[in-house]
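The values are calculated or read from the model by the stated rules, or taken from the named source; none is laboratory data. Please read all numbers here as calculations on a predicted model, not as lab measurements. Glycine gets a Cβ as well: all are built from the backbone with ideal geometry, and neighbour counts include every protein chain shown.
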Amino acid sequence: MTKVETTFKGRQLIIETGQIARQSDGSVLVKYGDTYVLATVVADENRREGLDFFPLTIDYQEKTYAAGKIPGGFFKREGKPTEKEVLTSRLIDRPIRPLFPKDFYQETQGIVSVLSFGDENVADLLGIIGMSAATHISDIPFNGPAAAVRIGMKGGEFIINPTLGESENLSLNLVVAGTADAVIMVEGGGAEVSEETIMQAIDLAHENIKGLTRLQDELREKVGKEKKPLTPSPKYPQLIEDVRSFVSQKIKTAISIPGKQRRQEALNAILEETLKNFNTESSAEKYTNNAKQDIKRLVTNIFEDYEKEIVRSMIVNEGIRADSRKTDEIRNISCYTGILPRAHGSALFVRGETQSLVVTTLGTHDDEQRVETLEGDSFKSFMLHYNFPPFSVGEVKPLRSPGRREIGHGALAERALKYVIPEKDVFPYTIRIVSDILESNGSSSMATVCGATLSLMDAGVPIKAPVAGIAMGLIKEADRTIVLTDILGLEDHLGDMDFKVAGTEQGITAFQMDVKINGVDRQIMSHALEQARKGRLFILEKIKEALPEPRKELSPYAPRIYKMRIKQEKIRDVIGSGGKVIRGIIEQTGVKIDIDDSGEVNIASSDNNSAQRAIELIKGIVEEPELGKIYLGKVKRIADFGAFVEIIPGTDGLLHISQIAERRIAKVTDEINIGDEVLVKVIEIDPQGKIRLSRKEAMREQSKA
């Protein structure tokens, strides 16, 4: 076994290799405190024929034994990946993927397994470090190493890698990944933080990343394998020249066609014409000296590379985008609210050729989502789910459960909005938002953020401030860099960066940056943030024009939640033995009732009369007698010295014989009997809680009235 270690935030960070998982191409065990993460990477020995993309798969898995737990459910073993595992797999994949060489096409799989889980809150970060280290020491070509750091902020102070205990109520929570030279990925959110604060956090993270990459270099010096030589795809200069000459002007003309579908149809027609001209055995023999060569694939790759080159050149050299916009110009925006009559809140947000239908549904405490993680069980009262049906891009595909992309986009939009969702004591509802993308041509996740803001306000949710999101792109050619506002799908596909920023007028609430090149420097990132801020403010104005503030009234189809508070010692009385009392109230009124341990009672119903009836029933159970108050009580028991009268359910008082009538009576039954309803006044409550009643004083007051 070989290991390297360093002190990080007062604890030893250790990377070990050579003892476990030795048949993988690279494996390391990363230890930090009580958190142990195993990272392995294996590349297929052979390149699959016809493959022109890098088939990389990264999987992150949490073993429940890592936290001393047994999985819930019937089968008692880990099942399909949880949402957290999917999101963490994406988090590890994004900074690692750009570091593989362009000509490396062998199928590669990385697996990160959490073997021990402590309160250090670093399993995902160790996954990035471990995957980089495992690949760095392997024989797989890799332009790393990379590392990651989490930056939190509380009380205006930055916290490096906040622990679980330190992670509560952070005003900024940012994961930054990069190499020693540049930042590759940023993801996180904040409570309306400024662009400058984001930049300071990224700078601090990068300084710490450098030390973590040096540690991996140290490990490679000790045990690193010689890297496999790359086998570049064969180049055929004459074929490249002839194909480019054949399509050059045609592609330039097609790229300038407005409208995604018309533009793509024109490009497809050009490719089809090109293939007809070149896809023959004679062409294969002429250009490659092999009549069996897959000339169709070669021509298609040349065509696509040239299309990318032309699009980028037009942007950098001519300032022309595919839809003729300026680099900082936003497409036309339309906002519609209240479009679904039965939904509690609905909106359609349209930006160019991207449409997001967003619907808000309000529920009760019973609708909260239970989340099981290694940290422990928790409940979510705010959820955002994102769907991307195939018709949104004019494709035919089977409908499946949400994939990694859909889960990731939904999580990003949810993060952008969670900071403006009102607290439970202000708005005691469970909130679910669903975004269905009806049409897509660039940044449907940010359209979801904008549509969700409108949908929440249409539902009457008193959000703290409207939130808008915008996607930025980057084209970097030599020493020239162009930042693009509100990127198209084409610009996302052919560009060098996907940079999403969401926030309010006051600051940023969510931030995600992925770089396809070897990183970006501070100047570029700062410029992109400022350009994004201007775009975000422009979109916020459009949102406020459509709906300036949340509606004052909820939908008539939304449940109304009425709050009341009872004493903790009365909770047992309201619930009753085995829940008998509370079930009876629910059956009588048809409402939903939730009581927490503090004594807060939430009564939910779309019918006000039913809710008020339930409130009265509960008040009757928990009500305590009030000195001087007159009650209509029921005689429960008679003794020689008086009667015991129930004035509120479960509470009796003594009506002495001398207090029954104005005149002297010989027997109690001369005036009242068991089962009679009588007006009585509370005239005394002693320190032990015993109650004395008077019928004659109640009758006197009634006669005066």
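Of note:
- Candidate set: the range 597-614, residues that are surrounded by fewer than 19 Cβ atoms within 10 Å (Cβ to Cβ) and farther than 30 Å from Gly338 by Cα; chosen: the one modelled with the highest pLDDT: Arg613
- Taking the listed residues Lys292, Lys250, Lys286, Lys276, the one that is under 21 Å from Glu309 (Cβ atoms) and either of a type outside the set (Ser, Thr, Tyr) or in contact with a helix residue (DSSP H, G or I) (Cβ under 7 Å, 6 or more places away or on another chain) (or both) is Lys250, with no other qualifying.
- Lone qualifier among Glu541, Glu530, Glu553, Glu569 - being out of contact with any strand residue (DSSP E or B) (no Cβ under 7 Å at 6 or more places or on another chain), in the same structural domain as Arg342 (by TED's automatic domain parsing) and more than 30 Å from Val176 (Cβ to Cβ): Glu541
- Sole residue being over 17 Å from the mean Cα position of the chain (by Cα), in contact (Cβ under 8 Å) with a residue 40 or more places away in the chain and not in a loop (DSSP other than H, G, I, E, B), chosen from Ile487, Ile482: Ile482
- Taken residue by residue, the range 677-689 has at least one member that is assigned to a strand (DSSP E or B), touching a Ser or Thr at 6+ places or on another chain (Cβ under 8 Å) and either at pLDDT below 90 or charged (D, E, K, R) (or both).
- Figure legend. Inter-residue proximity from the range 393-418: first residues outside the structural domain of Gly190 (by TED's automatic domain parsing) and under 16 Å from Thr448 (Cα atoms), second residues basic (Lys, Arg) and not in a helix (DSSP H, G or I), beta-carbon distance below 7 Å, spacing 6+ or different chains. Indicated pairs: Leu412/Lys500.
- For the range 576-596, the set of residues classified as more than 22 Å from Gly363 (Cα to Cα) and either surrounded by 15 or more Cβ atoms within 10 Å (Cβ to Cβ) or acidic (Asp, Glu) (or both) consists of Val581 only.
- Restricting Ala322, Ala343 to those that are of a type in the set (A, V, I, L, M) and farther than 19 Å from Ile255 by Cβ reduces the list to Ala343.
- Hits in the range 142-157 - residues which are out of contact with any Ser or Thr (no Cβ under 9 Å at 6 or more places or on another chain) and more than 13 Å from Tyr32 (Cβ to Cβ): Ile151, Glu157
- Matching residues, the range 359-373, being in contact with an Asp or Glu (Cβ under 9 Å, 6 or more places away or on another chain) and either without any contact (Cβ under 8 Å) to a residue 40 or more places away in the chain or farther than 15 Å from Ser605 by Cα (or both): Val359, Thr360, Arg370, Val371, Thr373
- Filter pass, Ile129 being buried (at least 24 other Cβ atoms within 10 Å of the Cβ) and free of Cβ contacts under 8 Å to residues at least 40 places away in the same chain: no
- In the range 639-676, the residue that is surrounded by the most Cβ atoms within 10 Å (Cβ to Cβ) out of those that are closer than 28 Å to Glu623 by Cα and among the hydroxyl-bearing types (Ser, Thr, Tyr) is Thr651.
- Subset of the range 87-108 [assigned to a loop (DSSP other than H, G, I, E, B) and out of contact with any strand residue (DSSP E or B) (no Cβ under 8 Å at 6 or more places or on another chain)]: Pro101, Lys102, Asp103, Phe104, Tyr105
- Filter result (assigned to a loop (DSSP other than H, G, I, E, B) and either within 15 Å of Gly26 (Cβ to Cβ) or among the β-branched types (Val, Ile, Thr) (or both)) within the range 210-235: Gly224, Lys225, Glu226, Lys227, Lys228, Thr231
- Residue count for the range 273-295 satisfying the condition of being in a helix (DSSP H, G or I) and surrounded by fewer than 18 Cβ atoms within 10 Å (Cβ to Cβ): 9.
- Out of Ile315, Ile302, Ile310, Ile270, sole residue that is over 40 Å from the mean Cα position of the chain (by Cα) and assigned to a helix (DSSP H, G or I): Ile270
- Condition met for Gln523 (over 20 Å from Arg90 (Cα atoms), without any contact (Cβ under 8 Å) to a residue 40 or more places away in the chain and part of a helix (DSSP H, G or I)): yes
- Residues satisfying the stated conditions in the range 132-163, i.e. surrounded by fewer than 22 Cβ atoms within 10 Å (Cβ to Cβ), among the aliphatic types (A, V, I, L, M) and closer than 19 Å to Leu215 by Cβ: Ile160
- From Asp573, Asp521, residue being acidic (Asp, Glu) and either surrounded by 15 or more Cβ atoms within 10 Å (Cβ to Cβ) or closer than 30 Å to Asn602 by Cα (or both): Asp573
- Across the range 366-415, the number of residues qualifying as touching a Leu at 6+ places or on another chain (Cβ under 9 Å) and small (Gly, Ala, Ser) comes to 5.
- Those residues of the range 429-473 which are polar (S, T, N, Q), crowded, with 24+ Cβ neighbours inside 10 Å and assigned to a strand (DSSP E or B), in sequence order: Ser435
- Selected residue (only one of Asp652, Asp686 is within 24 Å of Asp573 (Cβ to Cβ) and without any contact (Cβ under 8 Å) to a residue 24 or more places away in the chain): Asp686
- So Ile407, is it in a loop (DSSP other than H, G, I, E, B) and modelled with pLDDT of 90 or more: no
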